[in-house]
Amino acid sequence: MQILAYQSAALQIVNKSFLDRLAVGCSIALMLFVIVMTTGEQLHARIIQWGADLWPIYGTLREPTPEPQCRVISDIEGRVDALEQQHEEENASALFATEFDRQAAEQSVISQNGVCQELKRRWAAAEEQRSPSLSAYLLLDRTVGYVASLTIKAGKLILALVIFVSALVACIRQHHISFRPIRSSVGYRIATITQAAVNGVLTYSAWAVYQQARTSGTTNGHDVTLVLLVGFAALTLVNLVQSLRPPEGLTARARLGEILLAIPLYAWLGVFAAGYFLFVEGYPAGLALHFGAIFELSSLFLQIALFLWVGMLLKQTRLAERILAVFKPWNFPPEVLCVVMVALMALPTAYTGGSGIIVLALGALVYEELRRVGTRRQLAMATTAMTGSAGIVLNPCILILMIAILNKQVVTGDLYHEGLKVFVVSLVAFAAVVLLTRKGPLTVAPWRHALPAMFGEFRHLVGYVVVIAVVVLFYGLALGVWMDEFTAAIMLPVIIIGMLLWEKRSGQVAEGRVMHRIGRSGDESVVHIGALLMFIGASLLVGGVVQRGSGDTGMMTLAFESPLVCIAVLMVALVLIGMIMESMSGVVFVSATLAQLAYDSGVNPLHFWMVTLVAMELGFLTPPIALNQLYTRQVVGELEAELASAEEGSFWYRHERYLLPVAIMTLVLLVVTFGPFLTGYGGWYGG
């Protein structure tokens, strides 16, 4: 079930190594730590609120307050006399004498007395409320607050550990994203040596950053830099050891093209970036600095890791099988079920914020369920690759939130509003193309038989709905936190673990301990987390190269005279960006480069970002790179991909997994790009 897996017993031995199991365990522990810490942060806010409800002056009681040292003056007249005498003594040596205002001085003393009395009254009232129960509550408040603060303080460090622990697993299992799996011993050596070279250069770059920080006396961020240094060094060492001993079962020879295609994509991107920073700029620290940009959005990328784990957890449940069983009585053709699947996957995509993430997280589940109902392999792979393409523009997609944060010209409300329309266009286009290219007749079962059976299947979903409701209501009512784009990554693992417990208790699964199923989901997700985050980091390196290079030549200061010409040119550029960069790193890169060019050329910002999202999705699906197709191969397995390639039929059906997504997204892109100019939609370009 992995693109770089060797079809041999050697991989099974490696998978069971102590280092592999330790890394998997650490990665799962880190993700659970993030969930517990974030929940603790939410709980701490709730504890403070409950404290305010129980003790009206809880804000004062939270910190020990010493008794006010002020003194209430009982002899006001005497105090005023003393002030008058002090005034006369000061006037004796002054150049210009002033008259003493006895009434104002008396009023000032009275006012000071009032303030002092109030301070003492409040202190006494607070001391009266102090009790053993308050002390116990304050201890709980401080303990939970300290634990919760670790998430904020250590977010970057936790992400760094997640990246390198999971990348170590991906490295040991040779599970990084590439065009083709390793089949020959010479290809294995070249792939591992290339990775060792890239990781070695990144180690040197991290050391350069560390040395610069020590020289300048800067200590902030040292822990993350050290993790970068140790992490890349560990990956380099593992790659060097791997290059010395290729596993058994590989062929002795291979063609040059197969060897080059087996080198992971992150290594290719790393070679390109290393060549620029080392030999063009002579700035080795630039590599680690641009890779480190991933830590500026640490909470976001930790959510990606959690969403990938959510997908593998969901795979351990029977929820998807139960949902598809609701549609089974209608005997829909496979093409209709593909449309249903794309529509269903739009919601989880909106929460994860990236189509590639949803393919890695739920792609295997989608493919298996489509194959279960008889969908041909080519169509099932095409649908799997497109599962997230329609939902990235929906509320509450965090990708939209990133765009709004990085670009003040747009706001999330308008982006979501336009995104909903783009989603409808995408779904209609998918349905039209799939149904027009169907192989069989478009027939369904009689509604008299299908409808009662459909409602009968709903009873199997009641337990899942109850689990979801219990967890959501607990977070909402107990912690004051409801499901949204910020909390979904924390709540969904808890929901799905609850589903696993319910399935076991209700007898929905015949065998398999809950902890074993959770561990299996972690084992499957860790390699995907490592592969994806390393690829995102490498994409940021390439983005840094392009950004610095274009800044030197002043390319980003140009502007087109016509917004139509500008958007047409940028449409092509955005597709190319989508072919080599992951969606989130792509948004960061486009925001820093092409966005201002579009604005200066008169392109409406809303229009530009809708085109950007659709164009990048087309890039993710377009050969020769086709990232989402690579993710699909990775999750469904090389054997299934080869069986799909062996399917017979016309040219369209033999290559449907590539042609169908490209045709659909090209159609959507053309509509979104040129529709406003042809129809005057939105009045963006003068009607």
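Per-structure values
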| read-out | value |
| --- | --- |
| The stretch 111-139, residues that are surrounded by 14 or more Cβ atoms within 10 Å (Cβ to Cβ), out of contact with any Lys or Arg (no Cβ under 8 Å at 6 or more places or on another chain) and not charged (D, E, K, R) | Gln112, Asn113, Leu119, Trp123, Ala126, Gln129, Leu134, Tyr137 |
| Selection status of Met499, modelled with pLDDT under 85, in contact with a Gly (Cβ under 9 Å, 6 or more places away or on another chain) and either assigned by TED's automatic domain parsing to the domain that holds Phe179 or within 30 Å of Val472 (Cβ to Cβ) (or both) | no |
| Residues of the stretch 488-511 classified as in contact (Cβ under 8 Å) with a residue 24 or more places away in the chain and part of a loop (DSSP other than H, G, I, E, B), total | 2 |
| Residue among Leu314, Leu302 that is within 20 Å of Phe535 (Cα to Cα), touching a helix residue (DSSP H, G or I) at 6+ places or on another chain (Cβ under 6 Å) and in a helix (DSSP H, G or I) | Leu302 |
| Residue within the stretch 61-71 that is at pLDDT below 80, assigned to a helix (DSSP H, G or I) and closer than 30 Å to His44 by Cβ present | yes |
| Any pair with Cβ under 6 angstrom, 6 or more apart, that starts in the stretch 319-340 at a residue that is in the same structural domain as Thr384 (by TED's automatic domain parsing) and of a type in the set (Asp, Glu) and ends at one that is crowded, with 18+ Cβ neighbours inside 10 Å and at pLDDT 85 or above | Glu335/Val434 |
| Per-region count, the stretch 71-121, residues of a type in the set (Lys, Arg) and over 60 Å from the mean Cα position of the chain (by Cα) | 2 |
| Helices (runs of 4 or more DSSP H) within the stretch 517-622 that include 3 or more residues under 29 Å from Ile664 (Cα atoms), of a type outside the set (Lys, Arg) and in contact with a Phe, Trp or Tyr (Cβ under 7 Å, 6 or more places away or on another chain) | 563-580 |
| Condition met for Val359 (surrounded by fewer than 21 Cβ atoms within 10 Å (Cβ to Cβ), in a helix (DSSP H, G or I), at negative phi and in contact (Cβ under 8 Å) with a residue 40 or more places away in the chain) | no |
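Residues checked against (1) touching a Phe, Trp or Tyr at 6+ places or on another chain (Cβ under 6 Å); (2) surrounded by fewer than 21 Cβ atoms within 10 Å (Cβ to Cβ):
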residue: His222; (1), (2): no, yes
residue: Gly270; (1), (2): no, no
residue: Gly275; (1), (2): no, yes
residue: Tyr283; (1), (2): yes, yes
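The values are calculated or read from the model by the stated rules, or taken from the named source; none is laboratory data. Since we're looking at a predicted model, the values are computed, not measured. Neighbour counts run over all protein chains shown; Cβ positions are idealised from the backbone, glycine included.
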